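The values are calculated or read from the model by the stated rules, or taken from the named source; none is laboratory data. Quantities reported herein were computed from a predicted structural model and do not represent experimental measurements. In this analysis, Cβ positions are derived from the backbone assuming ideal geometry, glycine residues included, and neighbour counts consider all displayed protein chains.
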Amino acid sequence: MTRTRVAVIGVGHLGQHHARLLAVMPDVELVAVVDTRPGRAEEIAAKHATSALTDVSGLVGRVDAVTIATPTDSHVGVALPFIEAGAAVLVEKPIAISLAEADRLVEAAAGRGTVLAVGHTERFNPAVAVGLPLVSAPRFIEIHRLGTFPERSLDIDVIFDLMIHDLDLLLTVVGSDVASVEAVGVNVLTPRVDIANARLRFACGCIANVTASRISRERVRKARFFSRDAYVSIDYAAQEVEVYRLTPTDGRPVIGGGRLEVTNDEPLRRELADFVSAVRHGHAPGVTGRAGREALALATRVAEAMAAQT
C-alpha cells in the first residue's frame, strides 16, 4: 500500500507532537502542518521536512487524513470540509464545543462513510490497556487528575479540558447509564472553572468520585477501582498498575497481588498509530466520534449540575 497522506492542523502545545510522531511513521507521508500564527507552521515544518501552511483550504482533496489540534470552538468548521471530501479526521478532545456541533460531525462522518476519531489519549495509555480489562463490576471508583497551571486550554472549563478523560474511561469501564450527577467547581485563576469534583451514581449501583484540577502544585493522575473481591490501581503518569484480590480460604481470607508488568510507551504515539491503522485498513478507531460525543454529553451534565449549585 502507498503511504497515507496526513496533515496536522494546529501545531501548538499538543499539535506539535502530532507532527513529531506522524513524521516518523513508516506508513505516513506528512504532507503539511498548518497554523494561523505567523512563523509557527514554518518552525514546525522545518523540523520535519514538510510544507507549512497558514490556511487549510488548499489541503482539502490533497490528503487522506488530518489531525486537528485547534481550539475547541473551531473543530466543526475545520473538520467538516475534510469529512465531506472523504478524508479521515482525528479531532482532539473535546470533540466539539457543544453537543449540537458534535452531532454534526458524527452524522457527517456516518453519512460520508469516513473515519472520525477523537483524541481521548488516556485510552491508549499502556497502564490503562493492562489495568482496565481487570476491572469487573466496580462498586466504587475514585479518580484524581491534578495538574499545574497551564498556558493552554484556558478557553474551556477544567471539566472539558482534564476531567473529560476520566469521564470517557468511566463510561467505558462501568458500562451502565449515569443515573445522577452531583458536582461543584471553583474559579480560582481564570473566569472558567479551574478545580472541579463530581460524584456520579450509575444505574448499576456503582459510584464514582472524580476530581480534576489545573491549579495544583504537583501532577497527579491516578484511578482506583474497588470491586467486591478486587482492587485495581492505575497510575496514568507513571504507567503503573497494581491489582489485589481477595482469596477465600477455610480460615481468614487472604489478600494477594501486587504490581503488574507494563511496557511503557507514549500514549499519543499509540493513538495516532491506531488512527492511521483505521484509515489504512478500514476498522473503527479506538475512540470513535460517537464515543467522543458521549464523553462530551457526560461532561455537559457535570457542568450543568455544577451550575445548578451556584
TODO: Select from the range 207-233 the residues that are assigned to a loop (DSSP other than H, G, I, E, B) and either of a type in the set (Asp, Glu) or in contact with a Phe, Trp or Tyr (Cβ under 7 Å, 6 or more places away or on another chain) (or both) and list them in ascending order.
DONE: Arg214, Ile215, Glu218, Asp229
TODO: Determine which member of the set Ala230, Ala238 is surrounded by fewer than 24 Cβ atoms within 10 Å (Cβ to Cβ) and under 21 Å from the mean Cα position of the chain (by Cα).
DONE: Ala238
Task: Residue satisfying all of: in the range 172-199; modelled with pLDDT under 95, part of a strand (DSSP E or B) and β-branched (Val, Ile, Thr); nearest to Arg145 (Cα to Cα) among these - done: Ile195
- [ ] Among residues belonging to the range 179-193 that are in contact (Cβ under 8 Å) with a residue 40 or more places away in the chain and either surrounded by fewer than 19 Cβ atoms within 10 Å (Cβ to Cβ) or not aliphatic (A, V, I, L, M) (or both), point out the one that is farthest from Pro253 (Cα to Cα).
- [x] Leu189
TODO: Could you list, in sequence order, all residues of the range 218-239 that are under 17 Å from Ile207 (Cβ atoms) and aromatic (Phe, Trp, Tyr)?
DONE: Phe225, Phe226, Tyr231
Task: Residue satisfying condition, being more than 18 Å from Leu132 (Cβ to Cβ) and buried (at least 17 other Cβ atoms within 10 Å of the Cβ), within set Val276, Val210, Val220, Val254 - done: Val276
Open item on the list: Can you find a residue that is touching an Asp or Glu at 6+ places or on another chain (Cβ under 8 Å), farther than 20 Å from Ala238 by Cα, in a helix (DSSP H, G or I) and assigned by TED's automatic domain parsing to the domain that holds Thr72 anywhere in the range 102-109?
Closed with: yes
Open item on the list: Among the residues of the range 131-149, what is the count of those that are closer than 24 Å to Leu200 by Cβ and either in contact with a Leu (Cβ under 9 Å, 6 or more places away or on another chain) or assigned by TED's automatic domain parsing to the domain that holds Val276 (or both)?
Closed with: 8
Task: Count of residues meeting criterion [surrounded by 21 or more Cβ atoms within 10 Å (Cβ to Cβ), part of a helix (DSSP H, G or I) and under 16 Å from the mean Cα position of the chain (by Cα)] in the range 279-290 - done: 1
TODO: Examine the range 47-67 for a residue that is out of contact with any strand residue (DSSP E or B) (no Cβ under 8 Å at 6 or more places or on another chain), assigned to a helix (DSSP H, G or I) and modelled with pLDDT of 95 or more, and state whether such a residue exists.
DONE: yes
